Structure formats: structure tokens, C-alpha cells
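The values are calculated or read from the model by the stated rules, or taken from the named source; none is laboratory data. Small disclaimer: the values here were computed from a predicted structure and weren't measured. Neighbour counts are summed over all protein chains in view; Cβ atoms, including those assigned to glycine, are modelled from backbone coordinates with ideal geometry. With ligands, DNA and RNA removed, areas are computed over all heavy atoms of the protein, side chains included. Shrake-Rupley method; radii C 1.70, N 1.55, O 1.52, S 1.80 Å.
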Amino acid sequence: MPACLKQAKLTAIPMQWRQCLLLLSLLFIHSVTYAEFTIQHAETRLEDGVYLLDASLDYGLTDAVVEALQNGVTLTLLLSIDIKRERWYLWDESVTELKQQYQLKYFALSKKYVLNLTNTGIQEIHTSLDSVLMSLNYLEDFPLLDAALVSSDSDYIVYLKIQLDIEALPAPLRPVAYFSSDWRLASDWFTCHLQKNLLSESG
């Protein structure tokens, strides 16, 4: 068969199904890669009436996820934050829940990685994946909540978790990703107190 006809048939396959075939090949070709998402440190501080969060994170991407990214699959990363007021007589009360979403794309023609902070509309352009991860791994001055919402006679705990959002993948890819340990990337919940000058503690 002429090469041009082979190319035409390949091009006729919808992009989503081509991505699904790609992920299937990655699933069977690659052995399990021991990478993981972790939260190494977190602490809060009060500044100008607003509680801010600083954290050290580790988005450890597996080889399969990196290869899929470099072949056109958009990755969505989630930072989930839940602030709760401690109560001795009932379960802790949830004060606020926050989600920071990042979308990561790779453009092969320009060889650039584009990181979109969907909550703020800010876009970052990076020339390497290491540069992207360095940007993601350090969270500074992240606003949590107004001090007016905090009672001085109560203690508050901040729960943090990072994960790869499988639900945000193209539909044909999701079933494969759910059954592949290479794609089920999520940290354990990490806790720190919502108090000035209090060091974080892992939970």
C-alpha cells in the first residue's frame, strides 16, 4: 500500500482515539514506574488580615504520564485544601474548601510546555519539564481565608492533597488510566495548623 494511503488512514482516526491507542501502548510497554505525588512541608502565617500558605510539593510524574504529555495529552493537576475547625464534642466543622487547578500542555513544534493556572488565568511558558515541576513544587503566599472568619478561641487544621485529575483526561483514556498504577497519582492528606508561627506537621 502506498505510504500516502497509510498516512491518510492514520489521519482519519479521531484524535481522542489516537490518544487512547497511545495510552494503551504505554500501559503494556512500560513497567510500573515508582513515582508519586507527595507533600513534604506546609505552614501558614497571618499577614495583613489574611492567612497565607507556603508549601513544598512533589509532583512525581511517571514515565508513562510524561510520554503521554509529550504526545499531546493535556494533564490536569489539582491542589485540594480543606480548612476545618476542631470540635471536641462533634466531628470537625469544615470552614472552607479550595481547589487550585493547573493544566499542563506540551507543544511539539515549539518544544514548549505551557502551564495554565485555571483559577487565575495566569499562563506560564517553560522550555523544559524540569522547569515546570520546579514552578509547581513550591507554593508561596497562597491565600487561604480572611482572618475575620477565624475565631480566636478555636483551633483550625488545614488539610492538603495533590493529585492527577483522571476525570479531566479525554474520555477514551479514562478507563485505561483508572486501571493503571502509572496514572493513579495522588498524595496522602497532609495537615498543618492554621496558626501564626506554628510549624507544620504531617498527618
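Out of (1) at pLDDT 90 or above; (2) in contact with a helix residue (DSSP H, G or I) (Cβ under 7 Å, 6 or more places away or on another chain); (3) not basic (Lys, Arg), what's the single condition that is false for Leu117? Answer for Leu117: the failing condition is (2).
Starting from residues that are open to solvent by 50 Å² or more (accessible area, probe 1.4 Å) and in contact with a helix residue (DSSP H, G or I) (Cβ under 8 Å, 6 or more places away or on another chain), keep the ones in segment 53-75 and report whichever is farthest from Leu164 (Cα to Cα).
In this case the residue turns out to be Asn71.
Okay, residues lined up against (1) open to solvent by less than 80 Å² (accessible area, probe 1.4 Å); (2) within 30 Å of Ala68 (Cα to Cα):
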{"site": "Ile83", "(1), (2)": "yes, no"}
{"site": "Ser110", "(1), (2)": "yes, yes"}
{"site": "Val114", "(1), (2)": "yes, yes"}
{"site": "Leu117", "(1), (2)": "yes, yes"}
{"site": "His126", "(1), (2)": "yes, yes"}
{"site": "Asp130", "(1), (2)": "no, yes"}
{"site": "Leu133", "(1), (2)": "yes, yes"}
{"site": "Leu145", "(1), (2)": "yes, no"}
{"site": "Leu149", "(1), (2)": "no, no"}
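It is to be established whether one or more residues within segment 76-83 are closer than 20 Å to Ser154 by Cβ, out of contact with any helix residue (DSSP H, G or I) (no Cβ under 9 Å at 6 or more places or on another chain) and among the charged types (D, E, K, R). Yes - at least one qualifying residue is present in segment 76-83.
Which is farther than 22 Å from Leu46 by Cα and β-branched (Val, Ile, Thr), of Val158, Val176? Reasoning before the result, please.
Details: Val158 fails: farther than 22 Å from Leu46 by Cα.
Only one candidate qualifies: Val176.
Only residues that are open to solvent by less than 80 Å² (accessible area, probe 1.4 Å), modelled with pLDDT of 95 or more and more than 14 Å from the chain's Cα centre (by Cα) were counted across segment 86-107, and they come to 1. Kindly indicate the residue of segment 151-169 that is buried (at least 17 other Cβ atoms within 10 Å of the Cβ) and either more than 16 Å from the chain's Cα centre (by Cα) or free of Cβ contacts under 8 Å to residues at least 24 places away in the same chain (or both) and also nearest to Gln103 (Cα to Cα) among those meeting that condition. Ranking the candidates gives Ile166 first. Residues in segment 176-194 that are modelled with pLDDT under 90 and open to solvent by 70 Å² or more (accessible area, probe 1.4 Å) were compared, and the one that is nearest to Ile157 (Cα to Cα) is Tyr178.
Are any residues in segment 77-132 basic (Lys, Arg), touching a Phe, Trp or Tyr at 6+ places or on another chain (Cβ under 9 Å) and closer than 23 Å to Gln163 by Cβ, and if so, which ones? Even if it seems obvious, please write down each step before you answer.
Within segment 77-132, the subset basic (Lys, Arg) is 84-85, 87, 99, 105, 111-112.
Right, trim to touching a Phe, Trp or Tyr at 6+ places or on another chain (Cβ under 9 Å) and you get 84-85, 105, 112.
Within segment 77-132, Lys84, Lys105 meet the criteria.
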